[in-house]
Number of protein chains: 2
Amino acid sequence: MLRHPFTRSVRPNRVYAKLKLAGFATSAIRNAVANRAVVFTANGNPAEVLRVQSYDPPSSPAPDSVQVRFRLSPINPSDINVVQGVYPATPMKMQLGGEDVHVGGNEGLAEVVEVGSEVQGLKKGDWVISAKPQAGTWSSFRTLRAEDVIKLPEGRLSEVNAATITASTVNPPTAYNMLHEFVHLKEGDWVLQNGANSAVGQAVIQIAARKGIKTINFVRNRPDLDHLMNQLAQLGATHVFTYDALSDKSLAKHVKQWTSESPIRLMLNCVSGPDTTAMTRLLGDNAHIVSYGAMSKKPLSLPTSLFIFKNLCAQGFWQSRWYQQHSRQERENLMKTLADFKLKEPEHEILDLSTESSDEAATQRLRDVLVKMEEGFGKKVLLRLG
Amino acid sequence: MLRHPFTRSVRPNRVYAKLKLAGFATSAIRNAVANRAVVFTANGNPAEVLRVQSYDPPSSPAPDSVQVRFRLSPINPSDINVVQGVYPATPMKMQLGGEDVHVGGNEGLAEVVEVGSEVQGLKKGDWVISAKPQAGTWSSFRTLRAEDVIKLPEGRLSEVNAATITASTVNPPTAYNMLHEFVHLKEGDWVLQNGANSAVGQAVIQIAARKGIKTINFVRNRPDLDHLMNQLAQLGATHVFTYDALSDKSLAKHVKQWTSESPIRLMLNCVSGPDTTAMTRLLGDNAHIVSYGAMSKKPLSLPTSLFIFKNLCAQGFWQSRWYQQHSRQERENLMKTLADFKLKEPEHEILDLSTESSDEAATQRLRDVLVKMEEGFGKKVLLRLG
């Protein structure tokens, strides 16, 4: 029997009874369902190396710290890359059952559950995010220093919106900065992008549309293509194509007509590989290709003549570097700017592992979802652990 | 019997006698040896489509023009690309024997042989170059508007030096600008380059050395490798390797040690393909790859992670664009700056086609040399036609 990965639920008191029978210490039993982390000890295929593990709740926070509970934590492509060991960031370490493990997760919406005696400006119930990257957000309870958390505006946000947009220190900022830091775009200009249905891609479409910038978007062919195309069009996409369209020579002619007043000078790339190479034929002179991902796992391969004769410039964007290079004030300004865009949250599914009766069952369900994610085409997955 | 392509000579009066016997018109005979052009009617493999063709000398120049004789005209890689039809420049057109043909050649040292009645500042015997690209320099006599020629300093230059360095509007300027327009380099900094034995590569080595900038140079393996390595070392190369060295993992370690104070931020590329990809492992963060050629005829293929996490920037340089974007004053300043470097002329061979008895024989000799050039490893070829 196939289990639907997102809708199962187990009655908590049954879980409690089971655990009690299995001889768990009371403190462990009390928190077994609510207190879990997604961890790994060695890099590898996430569907093989990630596991769900219960742990004792942290003790009361130090005077300068707060205890938080993560409510929803996205599984971003870069989180997967961290687990694979191909992303230059060190995941959080913790001791679990006498073993050093890494806890996954870079982003997440957390709620303050206990406040250290000297902490000011934060209270129980506040929604916060971690100001530090690789905070190990795939966990339930955690203790964080108060200076490392950022408080979200009260009472105006849905949980999903907060977790995917307002609390997202990666995707919407990446979209905004790529549209602003490389080419001076004005109303009526054009942007070309692939992976247009990614969280970044959807933010690009929306931010561009609000500024009167037109987008030509590429996505993979898929069973529910019409649905996706409609969805992107509703976000403000000017044109949406599958990569198959690149083999049709009339496309370049059409693009040339559309953009004759303003040849394309910015292309955003999270795919690389041959389709991305083919897309560069649509660019005008003096264009910038800005890469922020490589979902094809293939290199970015470009005819040298594009660089020499069309003055192409290929660069990369990494939001982590942006944060390093900008002040706290600049970061806060960016977040405020993004909040004003009121971006639509991406299509998502909540993977609630708090309802699983055992770590083994939770691990299995997580891995099923990771296999599905590996195949692509899925919605954004938001983890709920506690 | 194998003919050595560069040292044959035929006594001119013997040629004259032969042509007379063959029934050529007197004017054609008088100039048959001295008045030839290397032409093509369709793009293609230079060794197949280029031919040498005699033509009548131009009549006396108009009042605003001068008649010049090209003394030595280099065959540059970009000239080959123009013939192949893969270079975005339109070669000179002329009518020869009632047929429209293209005349090859972008650079060349010319001597003024006749001055139009209203021309000032130029006299018979002056050495000049064309200020306009694609001047059809693979020809002997030509008429040029006085405003389109640039006079070289008198009496200080050898013919070869003038043709390859002082009169070169492409190679030394390309080297100089690539070292100055992308990364601010100071004494002790490092530059990585491939195709280091090209005319540009040799100029890069010399200009960098004069400024205290160190170079790591890559060349192809070849029979006379020691000779080439010594030659580049004498020009000021800090290190010279063949591409084979890239498969030795200790190289990256050595480079890291050498450059630990100043990780490499500039790489100059005229090759592309897998060896060039491998070279990028030697780069530091925030580096620029500047491409000015693609001798491998393969694309420039780079791991997307280099762009994202190491902030690599890949660009191109085209001296023609630089000229378009800079004033006449800036161009002249550049030429003066380059003259002060007193660059050593590249190893060269003079291909003297003026000594060939017939256009057919001259064409055959030219094609033999072009085949040799296609194989690489040859010296710079300088054409002498009249």
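Rounded if a/c is under 1.5, else prolate if a/b beats b/c, else oblate: with a ≥ b ≥ c from the C-alpha gyration tensor eigenvalues square-rooted, which is the stretch B:171-321? Provide the component values of the computation, followed by the final result.
Details: a/c = 1.17, a/b = 1.10, b/c = 1.06.
It is rounded, given that a/c, with a ≥ b ≥ c, falls under 1.5.
Charging the Cβ of each Asp and Glu at -1 and of each Lys and Arg at +1, and nothing else, the dipole of the stretch A:52-152 about its Cα centre rounds to 200 debye.
Could you name the lysines in cross-link range of residue A:124, using Cα to Cα under 24 Å and dropping any fewer than eight places away on the same chain? Correct list for residue A:124: A:132, A:151, A:336. Kindly state, to the nearest 0.05, the FRET efficiency for residue B:233 paired with residue A:93, given R0 = 41 Å and r defined as their beta-carbon distance. The formula returns an efficiency of 0.25 here.
With the label put 7 angstrom out from Cα along the Cα-to-Cβ vector, residue B:379 ends up 7.3 nm from the copy partners, going from closest to farthest.
Each of B:55, B:292 was scored by other Cβ atoms within 10 Å of its Cβ. Arranged with the fewest first, they read B:55, B:292.
Among A:370, A:96, A:353, the largest mean-square fluctuation in a Gaussian network model of chain A, built with springs joining Cα atoms closer than 10 Å, belongs to A:96.
Dipole size in debye (nearest 20) for the stretch B:300-386 around its Cα centre, Lys and Arg Cβ +1, Asp and Glu Cβ -1? Don't skip to the answer; put the middle values down first.
Details: 13 positive and 13 negative charges, 112 e Å.
About 540 debye.
Scalar couplings 3J(HN,Hα) for the stretch A:150-155, obtained by applying the Karplus form with A = 6.51, B = -1.76, C = 1.60 to θ = phi - 60°, are 10, 7, 8, x, 7, x Hz; x denotes Gly and Pro. Under 5 Å between amide hydrogens, built in the peptide plane, is the criterion, and for residue B:383 it picks out B:73, B:75, B:351 among residues at least 5 positions away or on other chains.
What does the charge count around residue B:243 come to, taking other residues whose C-beta lies under 14 Å from its C-beta (Lys +1, Arg +1, Asp -1, Glu -1)?
Details: positive: B:220, B:222, B:281, B:298; negative: B:244, B:248, B:275.
Charge balance near residue B:243 sits at +1.
The string of couplings for the stretch A:357-370 from the Karplus curve (6.51, -1.76, 1.60, θ = phi - 60°) is 6, 9, 4, 5, 5, 5, 4, 4, 5, 4, 5, 4, 5, 5 Hz, one whole number per residue in order, with x for Gly and Pro.
So, with +1 on the Cβ of K and R and -1 on the Cβ of D and E, and no other charges, what is the size of the charge dipole of the stretch A:237-386 about its Cα centre, to the nearest 20 debye? Show your work: numbers first, answer last.
Values: 20 positive and 18 negative charges, 129 e Å.
I would put it at about 620 debye.
Summary for residue A:230: label point 7 Å along Cα→Cβ; distances to the equivalent points in the other copies, ascending, 7.8 nm.
Taking amide H positions as modeled 1.01 Å from N, with prolines and chain starts lacking one, the residues under 5 Å from residue B:116 and 5 or more places away or on another chain are B:65, B:66, B:67.
So, counting K/R as plus one and D/E as minus one, what does the shell of residues with Cβ under 11 Å around residue A:51 add up to? Before the final figure, lay out each step's value.
Working: positive: A:36, A:367; negative: A:48, A:359, A:360.
Net local charge, residue A:51 excluded: -1.
With a Cα cut-off of under 23 Å and a minimum spacing of 8 residues unless on different chains, the lysine pairs in the stretch B:171-321 number 12. The mean number of Cβ atoms from other chains found within 10 Å of a Cβ in peptide A:284-294 is 2, as a whole number.
Can you give the longest run of chain A that contains no GluC sites (Glu not before Pro) sitting in a DSSP loop with at most 15 other Cβ atoms inside 10 Å?
Values: sites that count: A:118, A:154, A:181, A:187, A:261, A:347, A:375.
Longest site-free region, per DSSP loop and neighbour criteria: A:1-117.
Note on residue A:111 and residue A:377: the extension gain reaches 92.7 nm, defined as 0.36 nm multiplied by sequence separation minus the Cα-Cα distance. Ranked from shortest, the separations from the 7 Å Cα-to-Cβ label point of residue A:297 to its equivalents in the other copies are 3.2 nm.
Given an 8 Å cut-off on Cα distances and at least 6 residues of separation, report the relative contact order of the stretch A:302-386 as a percent.
Details: 39 pairs, mean separation 26.7, N = 85.
Over the stretch A:302-386, the number comes to 31 percent.
Shape class for the stretch B:73-163, computed from the alpha carbon gyration tensor (a ≥ b ≥ c): oblate, with a/c not under 1.5 and a/b at or below b/c.
Restricting attention to chain A, close to 55% of DSSP beta bridges with both partner residues there are antiparallel.
With both partners inside the protein assembly as shown, how many of the DSSP beta bridges are antiparallel, as a percent to the nearest 5? Don't jump to the answer; show the numbers that get you there.
Values: 65 of 113 bridges.
Bridges in the protein assembly as shown are about 60 percent antiparallel.
Using the Cβ-Cβ distance between residue A:286 and residue B:143 with R0 = 35 Å, the FRET efficiency computed as 1/(1 + (r/R0)^6) comes to roughly 0.40.
Computed from the C-beta positions of residue A:64 and residue A:328, the FRET efficiency with R₀ = 30 Å rounds to 0.95. Largest GNM mean-square fluctuation among B:321, B:142, B:331, using chain B with Cα springs under 10 Å: B:321. Assign one of three labels to the protein assembly as shown, namely rounded, prolate or oblate, based on the Cα gyration tensor with a ≥ b ≥ c the square roots of its eigenvalues; rounded applies when a/c is under 1.5, prolate when it is not and a/b is larger than b/c, and oblate otherwise. Prolate, since a/c reaches 1.5 and a/b exceeds b/c.
The mean sequence separation of alpha-carbon pairs under 8 Å and at least six residues apart, normalised by the residue count of the stretch B:171-321, gives a relative contact order of 22 percent.
Read-outs throughout are calculated quantities, based only on the coordinates presented, and are distinct from any laboratory measurement. A quick note: this is a predicted structure, and the numbers were derived from the prediction, not measured. Using ideal geometry, Cβ is built from the backbone for each residue, glycine included, and neighbour counts are taken over all protein chains shown.
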